[in-house]
Structure formats: structure tokens, C-alpha cells
Amino acid sequence: MAGGLYRVEPARAHDAQAARLADEVRAGLTARPRWLPSKYFYDDRGGRLFDAITRLPEYYQTRTEERILAAVAGEVVAHVRPVELVELGSGSGRKTRLLLAAMAAAGRLERCLLLDVNAHALQESTRALASEFPGLSVHGVEGDFLDDLTGLGPGGSRLAVFLAGTIGNIHPADVPGFLGRCAAQLEPGDGFLVGLDLVKDVRRLEAAYDDAAGVTAEFNRNILHVLNDRLGADFDPGAFEHVAFYDAAHAWIEMRLRASRAQRVRVPGAGLDLAFAPGDEIRTEISCKYTRESFETLLAGTGLGLDRWYTDPEALFALALLGRRATPRGGNR
Ligand code: SAH
Ligand code: AVI
């Protein structure tokens, strides 16, 4: 049988995306402490480096989540009964296949909608999924899951998924608002499956973000390559050291880039001329670690409730299956 249909579209025009990049970089690099949004790791090289991270011995997250997903995909599909799969931050789409296969086995697979900032990853994954699942309509939206969710259109018989623990890369103060916006794209009875990296031994956590082969360090420095490519900056990525540590008070891993010498950096596309002293740092990512309890507290008032909690025998990682609750009378969603 012929493969399905696929297309990829930007959620907003490319010049608007470029303006947003310049604004966000200007805001982050002129703030104290300095920071950059972690979505800018993911150009093609960053996507490939992330995929290399997922194969590292220290990075237990991906293989653990994949095992849980393989075991529970059928049950999740039986519970939600979706005809459409929506994935936020879909990347290579490897785990997407497990869910699509479960939906196909249930005889209910019609549509798949992927949202990611990486247009190249979307092109590759939409084409591959359309050819692997005959009759499937696959739509890729190049956009930001924090700002562009309305580009997903109306829900109904929809299973949304947000895997890898990427929700951990959102500041916890912003998570309830984000979940509320996700709920607004769903109808009562729809499901939202969220992957969460769990609180655990600090050494294990820190090793996952500072691997012996130095892949995570290269991934971290890649954000500077992206600013060089897209904003004409003249960062010397080799002059920044990879820093990753667990902040127990916030229950998050923080990644930073630390200037190893004094340097001046121009970022013409953002109108910046920056001076770094040795030891000056840029925060590039937080990766929050959750417990069932700490995650559940973030659900209050979002329109989503916890239906199932799946984890592995070592409780390294969890998949939380959230259900869209009916809007209370007089509610504003
Ligand atoms: N879901 C895949 C990939 C996870 S890596 C997996 O489980 O392996 C995180 C993915 O989210 C990357 O593909 C990255 O491009 C995307 N991403 C990161 N920040 C984003 C944002 N703000 N909006 C949309 N996509 C984002
Ligand atoms: C995509 N996200 C869940 C990864 C994480 O673990 O926070 C990104 C990553 N950062 C360093 N290694 C992997």
C-alpha cells in the first residue's frame, strides 16, 4: 500500500522566528545571571549530538523511557482511544513509532501531528513515518511548544505526548501555565502522556550530564555555534567550559558555559558587544527532576488530572498519563 501524506509548515514566518531569536538572545545575554533558552541547542548538529547523548551509558533516561513506553503503549491507547497522535518536541520520532504502532494495532490510527523547533528533524521524521504507516496523514509544525501551541488546532480523540523529560527544561513556575495551554488544545477525554525524569542519587544525575566521552559538553557548546551561524556572532566555543551540577534546592540539573579566559564577543544580529571575564557564566539549561508528588502539585487548576503513573523497577523515570477534565461550569477554557 502507498505511504501516507506528509507536510511541514512553520508556525510563524521565518523572519518572525529570526526576530524572536534576536530578542531572546539580547534579553538573556544582557541579564544577570546571563542565560540562553535551551531550545537553541537544536540545530541539525545539536539534534545529532542529542541523539548521541541518548546512546551514552551514563544517559539512562532515553532507554528507560523507551522500555516503559514499549510496555504500556497498548494500555495508554486502550485508555484514551485516540485517532490522532500529537507530539511536542518530537526530535527523531523514534518513540513516536511505538505509539503509532499501538494505535494502528487498535485500528484507530488516522493522523499524527509533530511540533518541534528543528525543521530538519521534522522533515526527516514526517517523511519516514508517512512511509512506514500506510494511510497515515503526518503534519509537522516548526514552532515553539511554549508559544505556538495554538498552531496545533482543535483536539478530540487526541493523545498528546511530551517525552524525554523535556518538560524538565521548562522552569517549574512556568509549567502550570504551559499545561493549561496544552489542556486548551485537548477535549474532555483526550490524553496527555508526559515523560518525567525522577529525583535520584546525585552522582547518577550529574554523570548523565557530564559524560566521560564529552558529548554533553559538545552539545552544551553547540548553542554558541548556533549563535555564530544565525546571528553572525564570533563566539569561540572552545573558550567556554562545560559546567553541569545538581541543585538540590530546586531539584534540577543546571548546565552552564563558563568563560575560560577574558574575551570580547560581538553578536551583530542581536546588536550586542559583550565582555566576558574569566569564570563568567551563561546558564544554558535547567533539567528539573520530579517526584510523583512534586509533579502532581503542578497540575492544580490546569484542566489536567493524573490518570496513570508508570515507572521502571528502579524508579529512574516515569510516564504520567494525564486526562483532560471537563471544564467546570463557568470555567474560562
Ligand atoms: N522526543 C525526542 C527528542 C527529545 S530532545 C526523544 O524523546 O528523544 C528535545 C526535542 O525538543 C528536540 O527535538 C528539540 O528540537 C525540541 N525542542 C526543544 N525546545 C523546544 C521548544 N521550545 N519548542 C519546540 N521544540 C523544542
Ligand atoms: C531534552 N532534554 C530532556 C534533555 C535533558 O536531559 O534535559 C536535554 C539534555 N541536556 C543535556 N543532556 C540532555
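The values are calculated or read from the model by the stated rules, or taken from the named source; none is laboratory data. All of these numbers come straight from a predicted model, not from anything done at the bench. A quick note on method: Cβ atoms are made from the backbone with ideal geometry, for glycine too, and the neighbour counts reach across all protein chains shown. Side chains included, ligands, DNA and RNA excluded: accessible areas come from the protein's heavy atoms. Shrake-Rupley method; radii C 1.70, N 1.55, O 1.52, S 1.80 Å.
Mind checking which residues of the range 157-180 are surrounded by fewer than 17 Cβ atoms within 10 Å (Cβ to Cβ) and either without any contact (Cβ under 8 Å) to a residue 60 or more places away in the chain or within 16 Å of ligand 1 (Cβ to nearest atom) (or both)? Don't jump to the end; show me each part of the working.
To start, the set of residues in the range 157-180 that are surrounded by fewer than 17 Cβ atoms within 10 Å (Cβ to Cβ) comprises 157, 171, 173-174, 176-177, 180.
Residues satisfying the conditions are His171, Ala173, Asp174, Gly177.
One line per residue, one yes/no per condition, for (1) among the charged types (D, E, K, R); (2) touching a helix residue (DSSP H, G or I) at 6+ places or on another chain (Cβ under 9 Å); (3) at pLDDT 95 or above:
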{"site": "Gly140", "(1), (2), (3)": "no, yes, yes"}
{"site": "Phe145", "(1), (2), (3)": "no, yes, yes"}
{"site": "Phe162", "(1), (2), (3)": "no, yes, yes"}
{"site": "His171", "(1), (2), (3)": "no, no, yes"}
{"site": "Asp174", "(1), (2), (3)": "yes, no, yes"}
{"site": "Phe192", "(1), (2), (3)": "no, yes, yes"}
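Every residue, every condition in (1) within 16 Å of ligand 1 (Cβ to nearest atom); (2) open to solvent by less than 70 Å² (accessible area, probe 1.4 Å); (3) part of a helix (DSSP H, G or I), yes or no:
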site	(1), (2), (3)
Leu224	no, yes, yes
Asp229	yes, no, yes
His250	no, no, no
Glu254	no, yes, no
Ile286	yes, yes, no
Glu293	no, no, yes
Glu296	no, no, yes
Ala300	no, no, no
Please verify whether Leu56 is at pLDDT 95 or above, open to solvent by less than 50 Å² (accessible area, probe 1.4 Å) and touching a Leu at 6+ places or on another chain (Cβ under 8 Å), treating the condition exactly as stated.
no
Hey, can you tell me all the residues within the range 275-284 that are within 16 Å of ligand 2 (Cβ to nearest atom) and open to solvent by 10 Å² or more (accessible area, probe 1.4 Å)?
Arg283
Among (1) part of a helix (DSSP H, G or I); (2) within 11 Å of ligand 1 (Cβ to nearest atom); (3) polar (S, T, N, Q) - the single one Ser92 does not satisfy:
(1)
